[in-house]
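Worksheet for the structure shown next.
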Amino acid sequence: MNLDRNLAVFAAFNGAMAVAIGAFAAHGAGPAVKTLLTTGAHYQIVHAVLALVCAASPARTRLVSVAGWLAGVGGLVFCLALTFIALLSMPAMGAVAPIGGVLMIAGWLLLAFAAFGKAQSDA
């Protein structure tokens, strides 16, 4: 298997962090912060899986790798911003969360672009 090890390790740690934050949201967080933590963990785990898929893709190109990094970093930034708002009362991090969102969207779009380019070259 041709694995992007750095991206795979990053994605795995992202996934572990998402599970830990989600578990805390479910079992230890008060109702005032539960929604923020759950939302952040949800987006982080989804994008950790996307990054791992990109890392392990047999048709991985540079675009696919970059898409994985954008998705993984975006999920991390988004989740951390919501976690800082929830646990550290840092409302200014509300300005950082959209950066993570833009990175996640860019990752999906770049992956679509890479897939479309591959489909065009196969035709």
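Kindly establish whether Thr83 is crowded, with 18+ Cβ neighbours inside 10 Å, over 27 Å from Ala112 (Cα atoms) and of a type in the set (S, T, N, Q).
For Thr83, the condition - crowded, with 18+ Cβ neighbours inside 10 Å, over 27 Å from Ala112 (Cα atoms) and of a type in the set (S, T, N, Q) - is met.
Kindly list, by first and then second residue, each pair from a residue in the range 88-110 that is over 15 Å from His47 (Cβ atoms) to a residue that is crowded, with 16+ Cβ neighbours inside 10 Å and β-branched (Val, Ile, Thr), limited to pairs with Cβ atoms under 7 Å and residues at least 6 apart or on different chains.
Once the first residue is over 15 Å from His47 (Cβ atoms) and sits in the range 88-110, its partners that are crowded, with 16+ Cβ neighbours inside 10 Å and β-branched (Val, Ile, Thr) give Pro91/Ile85; Met93/Ile85; Gly94/Ile85; Val96/Val77.
If I ask for residues that are under 12 Å from the mean Cα position of the chain (by Cα) and touching a residue at least 12 places away in the same chain (Cβ under 8 Å), which ones from the range 1-38 would you list?
Those that are under 12 Å from the mean Cα position of the chain (by Cα) and touching a residue at least 12 places away in the same chain (Cβ under 8 Å): Leu7, Phe10, Ala11, Ala12, Asn14, Gly15, Met17, Ala18.
Can you find a residue that is farther than 25 Å from Asn2 by Cα and not aromatic (Phe, Trp, Tyr) anywhere in the range 52-74?
no
Taking only pairs six or more apart or across chains, which ones have beta-carbon atoms under 8 Å, a first residue in the range 48-74 that is under 17 Å from Phe116 (Cβ atoms), and a second residue that is in a loop (DSSP other than H, G, I, E, B) and polar (S, T, N, Q)?
Hits for this filter: Arg60/Asn2; Val64/Ser57.
Select, from Ala48, Ala95, the only residue that is under 18 Å from the mean Cα position of the chain (by Cα) and under 11 Å from Ala11 (Cα atoms).
Ala48
Since every read-out is calculated from the coordinates, none of them should be taken as a lab result. Keep in mind the model is a prediction, meaning the values are calculated, not measured. Quick reminder, even Gly has a Cβ in these numbers, built from the backbone with ideal geometry, and neighbours come from all protein chains shown.
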